[in-house]
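Undergrad: Let me begin by handing over the structure; questions about it come next.
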Amino acid sequence: MNTSVKMILVLTLISALSGGLLSYWDAYTSEKIEAYRQQEIQQAVKEVLPDTDEEKIQEAGDFTFYVGYKNGDITGVAFVAEGGGFQDIISLMVGVTPDFSKFTGLAVLSQKETPGLGTKIAYDPSRKGNETWFVDQFQGKKSGNLTYVKNQKAYGDSEIEAITGATISSNAVITILNKCIPTAKSVFESINQ
Amino acid sequence: MEKNEITASDQAAEASETPKKKAPAPKPKKDPRDHLYKPKGRPLTMSSSPYSQTKDNVPKIMWCVSLALTPAVIGAVIFFGLKAVYMISISILAAMATEWIITRIRRKPNTLDDGSAFLTGLLLALTLPPTFPVSGCVLGSVFAIALGKQIFGGLGCNIFNPALLGRAFLQASFPVKMTTWVLPRYADMNAYTGSVSPDAITGATPLGLLKYEKIFTDLKPLFIGNVGGSLGETSALAILAGGIFLLILRHADWRIPVGFLGSVAIFGGIFWMVDPATYPSPLFHLLSGGLLLGAFFMATDMVTSPITIKGTWIYSIGAGLILVIIRLFGGLPEGVMYSILLMNGLTPLINRLTRPKFFGEARA
Amino acid sequence: MAKKVSLLEDFTKGIWKENPILIALLGLCPTLAVTISVENGLAMGLAASFVLICSSTLISLLRNLIPKQVRIASFIVIIATFVTIADRYLAAFYPEISKNLGPFIPLIIVNCIILGRQEAFASKNGVGRSILDALGMGLGFTLVLLILSTIRELLGSGTILGYQVMWDSFSPWMVMVLPPGAFLTLGLMIGASNWINDRRTR
């Protein structure tokens with residue numbers, strides 16, 4: 001047999017087998033992967049909208065809004081906010097009141113900050129029993145023009161206590177929020193007039 | 001013509017001043033070409049390398065540098081109390097113990113008495129914040145000697161300044177503890193200008209205050225040393241005293257502190273002239289942080305700085321430039337450690353690029 | 001020539017004598033990047049071993065069928081197939097580990113250890129020997145990752161597999177979970193292995 005014909009045949013055969021195997025495998029796993037992703041988002045939405053019993057999804061532009069209801073009334077809106085962190089994109093699930101003025105909660109979906117320092121925005125092992133203190137402190141704060149304080153407790157309505165040794169990551173979260181919330185607000189209001 | 005070239009060549013003249021070994025060989029026969037090799041005036045005696053001009057040796061230099069640090073040590077004790085004595089002595093002990101153990105493992109002669117391990121431990125302790133735990137001092141000293149020096153083959157083979165490498169390791173390992181400061185016992189709260197809250201000042205060095213709080217510190221306390229900072233770096237007065245002693249004895253190349261401090265003053269001064277409200281004055285740059293300690297005692301380390309004169313200038317001015325960039329635009333308030341370590345890393349390259357021409361070599 | 005090497009040696013050479021990381025210095029990128037915790041290191045080692053064993057078996061079976069002009073292309077397609085299987089498997093059943101390892105599982109495709117073993121061994125030897133070789137290399141790779149990640153997690157977080165093992169007042173050496181810690185530890189491990197080899201030959 002001609003070498004080039006053999007080359008084409010063998011490579012085609014291998015690729016076809018590989019493709020077949022992978023499509024079968026994909027069908028088997030993709031359901032589970034998608035289910036996990038949904039569950040993760042659902043869990044984050046539940047976390048940031050504590051006072052709801054039902055969520056409805058509204059999509060508009062770049063945003064997917066998870067609108068929380070309790071007894072038929074809107075109690076909060078959750079959406080994903082993303083922005084540059086110290087090393088990579090930080091992805092946050094933001095929960096706010098329906099008029100976007102106050103936080104109902106905040107959760108970190110994904111981040112790749114410095115292990116042991118910046119990762120404390122999501123999980124701080126040094127504060128036993130209160131590992132998610134950084135995002136928890138947002139609950140009830142005003143959503144506009146957040147600022148941070150260092151090495152002391154935050155008292156003001158829009159003050160956030162930064163993580164010692166990870167000011168840049170703390171500031172990144174605040175910057176993402178300050179930038180994304182007004183945009184999200186205008187998008188949300190334009191579709192719900 | 002040839003005669004002129006011999007006397008003009010720096011290298012040959014420097015090398016010839018006092019050769020180490022005077023050859024006890026019998027007087028050579030009078031050579032008719034003698035006048036070519038012995039120009040009028042200073043006689044040119046050649047011997048094979050290495051050339052040594054002084055009676056200095058490693059132990060003498062190391063112990064002299066340690067002696068020159070005495071004022072800084074005294075300053076540390078005055079400002080930060082007995083904790084300073086404790087930290088310094090533990091660091092030195094740990095460094096010397098590591099040196100002893102590793103020379104035993106490597107089956108090399110004991111090098112404790114050359115004083116280099118003593119100096120490394122001392123310098124390391126002086127660059128640590130006064131609140132730093134003593135166990136951390138031990139770790140830093142062990143790292144500095146074991147991985148900063150001995151793993152390269154001992155004194156003279158290391159690429160980076162061991163004390164600074166130990167500090168860099170501690171900085172990367174314990175970033176929070178390495179930036180937790182206290183004010184010295186006699187601190188003067190009136191020395192800070194700007195929107196001052198006592199909370200802000202207790203936790204910071206003058207450079208940190210400038211970077212994060214936009215608070216300027218007066219120059220007088222900076223000069224004396226009653227501001228927040230590492231053990232041995234706060235008092236410009238004490239370091240200058242020791243540094244000048246070192247320069248007079250010629251155990252440090254004067255070009256390095258001059259080039260380093262000069263370039264910091266010039267580059268820092270340029271920014272200050274553009275906007276004095278945002279950028280600190282050159283004098284503030286010189287007196288704050290660990291610059292003086294680094295310029296006199298760390299950048300001048302003979303092993304890790306270039307050997308040519310031109311190279312020395314490149315090295316010291318480069319360190320100053322990097323320092324100003326880190327201080328003004330970097331994420332950290334202070335950059336002496338990284339600027340010196342970076343230039344240490346460039347030193348072999350600088351040596352290669354500034355290698356003097358061989359005698360008689362054609363211009364390329 | 002190949003007959004002289006015993007079957008046992010085919011297996012053991014990957015663990016020490018021709019260890020892919022310590023001696024051949026292959027596959028350093030995942031070695032340095034993922035060994036922050038024992039869990040990650042183990043998952044990476046097992047995933048790479050799985051790909052290595054499967055593709056070695058298949059390629060040594062097909063070695064007489066594949067024309068040598070397209071052998072690298074065929075190897076890569078086969079390796080990529082198994083890597084995708086491993087990647088999807090982790091994402092479906094161990095989503096947390098998959099998230100931690102990020103792009104380093106797909107990057108096994110270009111891991112020098114795997115392509116190198118196909119080119120140097122599986123494409124020239126029988127199935128039995130190829131499987132032994134792949135097992136040994138996979139084990140050698142996994143062992144080094146395990147030791148490296150144990151040291152890094154112990155000193156960098158004070159834990160092993162997430163359980164606190166260091167005393168309470170131990171403050172973690174942050175540098176060990178950062179890239180410099182990986183380089184330092186791996187460098188010391190390579191130095192130690194050279195030192196041991198040196199003393200043995202003496």
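Undergrad: Excluding the sites themselves, what is the longest stretch of chain A that contains no chymotrypsin sites (Phe, Trp or Tyr not before Pro) in a DSSP loop with at most 14 other C-beta atoms within 10 Å?
TA: On the way: sites that count: A:Tyr123, A:Tyr155.
No qualifying site falls inside A:1-122, the longest such stretch.
Undergrad: Continuing with the same structure: At a 10 angstrom cut-off on C-beta neighbours, averaged per residue, how do the peptides B:132-144, B:287-299 rank from highest to lowest? Before the final figure, lay out each step's value.
TA: Values: B:132-144: 21.9, B:287-299: 27.4.
In descending order of packing, they fall as B:287-299, B:132-144.
Undergrad: Just how far, in whole angstrom, is the range C:112-158 from the range B:233-265 if you go by their alpha carbon centroids?
TA: Between the Cα centres of the range B:233-265 and the range C:112-158 lies a distance of 54 Å.
Undergrad: Tell me, which residues of the range B:160-183 get at least 20 Å² less accessible area when the other protein chains come in, versus the chain alone (1.4 Å probe)?
TA: B:Phe169, B:Ala172, B:Ser173, B:Phe174, B:Pro175, B:Val176, B:Lys177
Undergrad: Could you compute the net charge surrounding C:Ile160? Neighbours are other residues with a C-beta less than 13 Å from the C-beta of C:Ile160; K and R count +1, D and E count -1.
TA: Every neighbour counted, the sum reads -1.
Undergrad: Still on this model: Which aspartates and glutamates does A:Lys142 reach when only Cα atoms under 20 Å apart count, and residues fewer than 8 places away in its own chain are ignored?
TA: A:Glu47, A:Asp51, A:Glu82, A:Asp99, A:Asp157, A:Glu159, A:Glu161, A:Glu189
Undergrad: Could you tell me whether the range A:149-193 comes out rounded, prolate or oblate from its Cα gyration tensor? Rule is a ≥ b ≥ c as square roots of the eigenvalues, rounded for a/c under 1.5, then prolate if a/b exceeds b/c, otherwise oblate.
TA: Details: a/c = 6.31, a/b = 2.36, b/c = 2.67.
The shape class here is oblate.
Undergrad: Is the range C:1-92 rounded, prolate or oblate when judged by the Cα gyration tensor, a ≥ b ≥ c being the square roots of its eigenvalues, rounded requiring a/c under 1.5 and prolate requiring a/b larger than b/c?
TA: Numbers: a/c = 2.07, a/b = 1.18, b/c = 1.75.
Oblate shape, in that a/c is at least 1.5 and b/c is the bigger or equal ratio.
Undergrad: Shifting gears a bit: Given only helices, namely DSSP H runs of n ≥ 4 each adding -39500 (n - 2.57), what is the per-residue ellipticity at 222 nm of the protein assembly as shown, to the nearest 500 deg cm²/dmol? If you can, show how the numbers build up before the last one.
TA: Values: 27 runs with 391 residues, N = 759.
Counting only the DSSP helices, I get -16500 deg cm²/dmol.
Undergrad: Of all the accessible heavy-atom surface of the protein assembly as shown, with the other protein chains kept in place and a 1.4 Å probe, what percent is carbon and sulfur? Intermediate results must be reported in sequence, preceding the final value.
TA: On the way: 24310 of 38590 Å².
C and S atoms contribute 63 percent here.
Undergrad: A further question follows. Principal axes first, then extents: for the Cα atoms of the range B:205-364, list largest minus smallest coordinate on each axis, whole Å, largest first.
TA: 58, 34, 23
Undergrad: Specify the angular offset, from 0 to 90 degrees and rounded to the nearest 10, of the alpha carbon long axis of helix A:3-48 from the longest principal axis of the alpha carbons in chain A.
TA: It is inclined by approximately 20 degrees.
Undergrad: Restricting to the range A:46-191, what percent of DSSP beta bridges are antiparallel, rounded to 5?
TA: Details: 27 of 30 bridges.
Percent antiparallel among DSSP bridges in the range A:46-191 is about 90.
Undergrad: Here's another thing I want to ask about it. Roughly how many Å² is the accessible area per residue of the range C:81-202, as a whole number, for a 1.4 Å probe?
TA: Numbers: 5740 Å² over 122 residues.
Value returned for the range C:81-202: 47 Å² of accessible area per residue.
Undergrad: Still on this structure, I have one more. Can you compute log10 of I(q)/I(0) for the range C:11-201 with the Debye formula, treating each Cα as one identical point scatterer, at q = 0.08 Å⁻¹?
TA: -0.28
Undergrad: Okay, next question. Taking B:Lys83 as the anchor, which aspartates and glutamates have their alpha carbon closer than 12 Å to its alpha carbon, excluding any fewer than eight residues away along the same chain?
TA: none
Undergrad: Given H placed on each backbone N at 1.01 Å, which residues far from A:Ile160 in sequence or on other chains put an amide H within less than 5 Å of it?
TA: Distant-sequence amide H within range of A:Ile160: A:Thr147, A:Tyr148, A:Val149.
Undergrad: Give me the orientation-averaged projected area of the Cα convex hull of the range A:46-191, in nm², one decimal.
TA: Values: hull surface 34.0 nm².
Convex hull of Cα atoms, orientation-averaged projection: 8.5 nm².
Undergrad: Once you sort the root eigenvalues of the Cα gyration tensor of the protein assembly as shown as a ≥ b ≥ c, which label holds: rounded (a/c under 1.5), prolate (a/b larger than b/c) or oblate (the other case)?
TA: Values: a/c = 2.26, a/b = 1.25, b/c = 1.81.
The shape class here is oblate.
Undergrad: Could you give each residue of the range A:103-115 its phi-based ³J(HN,Hα) in whole Hz, using Karplus coefficients 6.51, -1.76, 1.60 with θ = phi - 60°, and x for Gly or Pro?
TA: Listing the rounded values in order: 7, 9, x, 8, 9, 8, 7, 8, 7, 10, 6, 4, x Hz.
Undergrad: Express the Stokes-Einstein translational diffusion coefficient of the range A:1-106 in µm² s⁻¹, to the nearest whole number, given a Kirkwood radius over alpha-carbon pairs, 25 °C and a viscosity of 0.890 mPa s.
TA: Working: Rh = 17.3 Å.
Value of D from the Cα-based Kirkwood radius: 142 µm²/s.
Undergrad: How about the range C:44-85: which of its residues lose at least 50 Å² of accessible area in the presence of all protein chains relative to their chain isolated, using a 1.4 Å probe?
TA: Buried by the other chains: C:Pro67, C:Val70, C:Val77, C:Thr81, C:Ile85.
Undergrad: Another one. Determine the total buried accessible area between chain A and chain C, counting protein heavy atoms only with a 1.4 Å probe; round to the nearest 100 Å². Display every interim value, and only then the final one.
TA: On the way: alone 11710 and 10960 Å², together 20460 Å².
Summing both sides, the interface buries roughly 2200 Å².
Undergrad: Which whole-number value in Å² is the accessible area per residue of the range A:46-191, probe 1.4 Å? Please list the in-between numbers first.
TA: Working: 7040 Å² over 146 residues.
It amounts to 48 Å² per residue over the range A:46-191.
Undergrad: Using 27 Å as the Cα-Cα cut-off, could you pick out the over-long pairs in B:Lys211/C:Lys99; A:Lys70/A:Lys185; A:Lys56/A:Lys141; A:Lys128/A:Lys153; A:Lys32/A:Lys128? Please list the in-between numbers first.
TA: Details: B:Lys211/C:Lys99 36 Å; A:Lys70/A:Lys185 21 Å; A:Lys56/A:Lys141 24 Å; A:Lys128/A:Lys153 18 Å; A:Lys32/A:Lys128 33 Å.
The pairs that break the limit, which is 27 Å between Cα atoms, are B:Lys211/C:Lys99; A:Lys32/A:Lys128.
Undergrad: Straight distance only, please: which aspartates and glutamates reach the Cα of C:Lys124 with their own Cα at less than 19 Å, same-chain residues fewer than 8 apart left out?
TA: Hits, sequence-local ones excluded: C:Glu9, C:Asp10, C:Glu18, C:Asp133.
Undergrad: For the residue pair C:Ala120 and B:Val77, what label-to-label distance in nm results when each label sits 7 Å from Cα along the Cα-to-beta-carbon direction?
TA: The answer from the label model is 6.1 nm.
Undergrad: A follow-up question, please. For the range B:99-169 and the range A:65-88, compute the distance between their C-alpha centroids and round to whole Å.
TA: 53
Undergrad: Given a 1.4 Å probe and heavy atoms of the protein chains only, how would you sort B:Lys108, A:Lys141, largest accessible area at the top? Intermediate results must be reported in sequence, preceding the final value.
TA: Details: B:Lys108 110, A:Lys141 25 Å².
Putting B:Lys108, A:Lys141 in descending order of accessible area: B:Lys108, A:Lys141.
Undergrad: If you don't mind, another one. How far is helix C:71-93 tilted, in degrees, relative to the longest principal axis of the Cα atoms in chain C, given as a value from 0 to 90 rounded to the nearest 10?
TA: Long axis of C:71-93 versus the principal axis of chain C: about 40 degrees.
Undergrad: Could you check which residue among A:Thr175, A:Thr29, A:Thr119 shows the biggest mean-square fluctuation in a GNM of chain A with a 10 Å Cα cutoff?
TA: For chain A, modelled as a Gaussian network with Cα springs under 10 Å, the answer is A:Thr29.
Undergrad: Compute for chains B and A the buried accessible surface, both sides summed, probe 1.4 Å, and express it in Å² to the nearest 100. Numbers along the way, then the final one.
TA: On the way: alone 19260 and 11710 Å², together 30580 Å².
Buried area (both sides, nearest 100 Å²): 400 Å².
Undergrad: Continuing with the same structure: Just C:Val110, C:Val70, C:Val34 to compare: in a GNM of chain C, with alpha carbon springs under 10 Å, which one fluctuates most?
TA: Ranking C:Val110, C:Val70, C:Val34 by mean-square fluctuation puts C:Val70 first.
Undergrad: Let me ask something else. With a 10 Å cut-off between alpha carbons and a GNM built on chain A, which of A:Ala172, A:Ala78, A:Ala107 moves the most?
TA: Top of the fluctuation ranking is A:Ala172.
The values are calculated or read from the model by the stated rules, or taken from the named source; none is laboratory data. Computed from a predicted structure; not experimentally measured. Note: ideal-geometry Cβ built from the backbone for every residue, glycine included; neighbour counts use all protein chains shown. The area values use the complete protein model at the heavy-atom level, side chains included, leaving out ligands, DNA and RNA. Shrake-Rupley method; radii C 1.70, N 1.55, O 1.52, S 1.80 Å.
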